[in-house]
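Please treat every number below as a calculation from the coordinates, not as lab data. As the structure is a computational prediction, the values presented were derived from the model and not from experiment.
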Ligand SMILES: [Zn+2]
């Protein structure tokens, strides 16, 4: 015989579960987590812009495919740039290539990027950012991104971690005409990989010191690259 208390509970439980299913139904296409990003970083459930925009835009652009890739994570700013169509197609393709093998979390493309704390970014790199002041700011033109986490671990302190090194090797394998030519990472990462300018790496010491905690991947030119290997 069924326990009368249990019988009393069955109907309310069915009701509650049905109501909950209906309540979360509109969010079925929203990822509840950002698996490629650490907890608290990402453009997931609580970012209402993400939900609103989703219903208005076609879901088949390369940027949308990248956003749906569970191996790719992005902050709200970075996801917004992808959805706004300002990210260079070559860069999207490169991120798709890397995220076939590794989970990566991107902090910025254009929106929210700052070379110097409190200094608004513009078309050129501000004076005071190593020796690079005055050069074109590839972030500003949607041609660069900063990766702060690989396979769930921060880039900072993990420059010689096999996964972070493998991201570098995957970049090096991209055909030279499509490979980024502004690849900058932590000093130990750069030294261990041993790639140089001809493959798209920046090895200037001032820049390595400024990239101890992330991988910067960019395209210096609007079309084509200067890679010779
Ligand atoms: Zn950068």
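For this structure, a couple of remarks:
- Taking one quarter of the surface of the convex hull spanned by the alpha-carbon atoms of the range 48-218 gives a direction-averaged projected area of 9.7 nm².
- The mean sequence distance of close C-alpha pairs (under 8 Å, at least 6 residues apart), as a share of the length of the range 48-218, puts its relative contact order at 19 percent.
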